[in-house]
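I have placed the structure first, in the form of structure tokens, so that the comments after it can refer back to it.
No lab work stands behind these numbers, since they all come straight from the coordinates. Bear in mind that the values here come from a model prediction, so they are computed numbers and not experimental data. Don't worry about glycine lacking a Cβ; one is built from the backbone with ideal geometry, like all the others, and counts go over all protein chains shown.
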Amino acid sequence: MTTTRHKCLVLAILGLVPVTGFPAGGHYVVDDTEVTAHGQIAFEGWYSRQSGGNDTRAAALAYGVHPGREIALEGERERADGVDRDLVGVTGKWTLADAAERDLGVAVAGGVFMDPDTDRVREAELFFPVDVPMADGRAMFRYNLGWSHQRDADDRDVATWGFGGEVALFPAVSAIAEIYGDQRDRTEVQSGLRVSLAGRADLDVGYGWERRAPDTNWWTVGVATAF
């Protein structure tokens, strides 16, 4: 759950068909408990256009190193007020309980992120994703609780949280919504649609905003695939 992450907005529209596609991931901040299959590679890439003309390009490449475990490389370039700022990171996730086999999924995840221009670590995080299947598996509720050390102007530790959910609207289309933040009372909301492209890839289209400053918002388009 990166920290740049209202209760689940989709619980009121629980679908009638199973959730399909890649759960969570991509530009969504509230993470799931699933990992890349052993020996497979998963790719996610997305572009966000923010209010004020700023934008973000990001990508992640994950590899299933062991059943229930993955390691990933992430990269991001953010353009703010005409200035580019890069961020790269190494993350990992370990599924402790599989939601597909039990009534509850649990994982532990974390990562370290640095600025390649200064070779300085900017953030480290550790959090616990939880998946709760609902309506006989036709929807999924998620929450994350964790910790982040952010080397910004405050350079301090913060507790992080997030709630989200996914529900299938049609066999190849699902809706995702989430709210997330940290103890500094910064809260952001995202919602969108995920479309399965012939079962080979997923296409995401989403919209997000800051809860206390709705004029601060962004649109996102992303794609995910595994091979």
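Overview of values
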{"item": "Kirkwood Rh in Å, taken over all unlike Cα pairs in region 39-131", "result": "14.9 Å"}
{"item": "Ranked packing of 89-99, 206-216, 168-178, most packed first, by mean Cβ within 10 Å", "result": "168-178, 89-99, 206-216"}
{"item": "Listed values [x] 77, 35, 32; [y] 47, 40, 33; [z] 65, 38, 22, entry calculated as Cα extents along the principal axes in Å", "result": "[y]"}
{"item": "Two-site label geometry, residue 200 and residue 219: point separation in nm, points 7 Å out along Cα→Cβ", "result": "2.7 nm"}
{"item": "Formal net charge of residues neighbouring residue 116 (Cβ-Cβ distance under 15 Å; K, R +1; D, E -1)", "result": "-3"}
{"item": "Gain upon complete extension [residue 40, residue 147; 0.36 nm per residue less C-alpha separation]", "result": "35.6 nm"}
{"item": "Two-site label geometry, residue 108 and residue 88: point separation in nm, points 7 Å out along Cα→Cβ", "result": "2.8 nm"}
{"item": "3J(HN,Hα) from dihedral phi, region 172-182, Karplus parametrisation 6.51/-1.76/1.60, rounded to Hz, x for glycine, proline", "result": "10, 10, 10, 9, 10, 9, 7, 9, 8, x, 9"}
